[in-house]
Amino acid sequence: MSFCTIFQKEDNLKSLLNEQYDVIFEKLNRLKEKQEWNVKIYSYTEQAFSYVIKNNPTVLELRENISTMPKGKQFIMKKRLNQLISDEVEKEQSQRWQQVEQKLKSFFEEAKLRGNWGREITERQDEMIVNCDFLINKYKSELFLNKIHDLEEEFAEAGCTFQVSGPWPPYHFSKEK
């Protein structure tokens, strides 16, 4: 049922519960001892650019090649380099979700990627690049949080910060299956 469902009469509720007993029972069993955790990943644009300039092999190769080119061609290739840097930042940021999902895979049972929020909603200086809910067995939540901490350290140089909230009731996973 949707959040805040209201029944006009008690008999309507009883009727629904009788009709949907097996489905509701199965859902409740599936969600037993589970928690929902939300993870948002933010990225500071300037730091992400700096990281790509220093670490991206494609960017490093083009920068090295530019230094050996004639002055006229250097000007054109520097413009191409700026576009390449922007493209690589975008590419790396879009790959963050796959990297995070892969590294957290053993800690969650399901994950739901949601839409990112703009700065006007978050009121933050950095940009949200991942917004995901995870369904986790409550006995794995501490391990999950430790792994998130490790990921924060791993991605810090690339300008990423993590915001974790939970545990929540598994609301985003209750309507499935």
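Nothing in this text is a laboratory measurement; each read-out follows from the coordinates by a stated rule. Quick caveat: nothing in here was measured; it's all calculated off a predicted structure. So basically every Cβ, Gly included, is an ideal-geometry build from the backbone, and we count neighbours across all protein chains shown.
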Can you run down the residue pairs with Cβ atoms below 9 Å, 6 or more apart or on separate chains, where the first is in segment 131-151 and more than 20 Å from His172 (Cα to Cα) and in contact (Cβ under 8 Å) with a residue 12 or more places away in the chain and the partner is small (Gly, Ala, Ser) and part of a helix (DSSP H, G or I)? Leu143/Ser106; Lys147/Ser106
Any residue at all in segment 156-166 that is over 30 Å from Ile66 (Cα atoms) and surrounded by 18 or more Cβ atoms within 10 Å (Cβ to Cβ)? no
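Filter segment 37-94 down to the residues that are among the aromatic types (Phe, Trp, Tyr) and out of contact with any strand residue (DSSP E or B) (no Cβ under 7 Å at 6 or more places or on another chain), then identify the one that is farthest from Val130 (Cα to Cα). First the steps, then the outcome.
We begin by selecting, within segment 37-94, every residue among the aromatic types (Phe, Trp, Tyr); these are 37, 42, 44, 49, 51, 75.
After this cut, where a residue has to be out of contact with any strand residue (DSSP E or B) (no Cβ under 7 Å at 6 or more places or on another chain) as well, the list is 44, 49, 51, 75.
Values: Tyr44: 13, Phe49: 18, Tyr51: 19, Phe75: 36 Å.
Once the filter is applied, the top-ranked residue is Phe75.
Answer yes if at least one residue in segment 86-98 is within 26 Å of Leu151 (Cα to Cα), part of a loop (DSSP other than H, G, I, E, B) and among the aromatic types (Phe, Trp, Tyr), and no otherwise.
no
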Farther than 21 Å from Tyr51 by Cβ, without any contact (Cβ under 8 Å) to a residue 60 or more places away in the chain and assigned to a helix (DSSP H, G or I): is that true of Glu120 in this structure? yes
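Residue by residue, here is whether (1) among the polar types (S, T, N, Q); (2) out of contact with any Cys (no Cβ under 7 Å at 6 or more places or on another chain); (3) surrounded by 13 or more Cβ atoms within 10 Å (Cβ to Cβ) holds:
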site: Val52; (1), (2), (3): no, yes, yes
site: Asn55; (1), (2), (3): yes, yes, yes
site: Glu61; (1), (2), (3): no, yes, no
site: Ser67; (1), (2), (3): yes, yes, no
site: Phe75; (1), (2), (3): no, yes, no
site: Leu81; (1), (2), (3): no, yes, yes
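Of all residues in segment 137-177, which are acidic (Asp, Glu) and assigned to a loop (DSSP other than H, G, I, E, B)? Talk me through it step by step, then tell me what you get.
Residues of segment 137-177 that are acidic (Asp, Glu), as a first pass: 142, 150, 152-154, 157, 176.
Answer for segment 137-177, where residues must be acidic (Asp, Glu) and assigned to a loop (DSSP other than H, G, I, E, B): Glu157, Glu176.
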Considering every residue within segment 28-47, establish whether at least one is more than 30 Å from Thr122 (Cβ to Cβ), in contact (Cβ under 8 Å) with a residue 60 or more places away in the chain and either surrounded by fewer than 13 Cβ atoms within 10 Å (Cβ to Cβ) or not acidic (Asp, Glu) (or both). yes
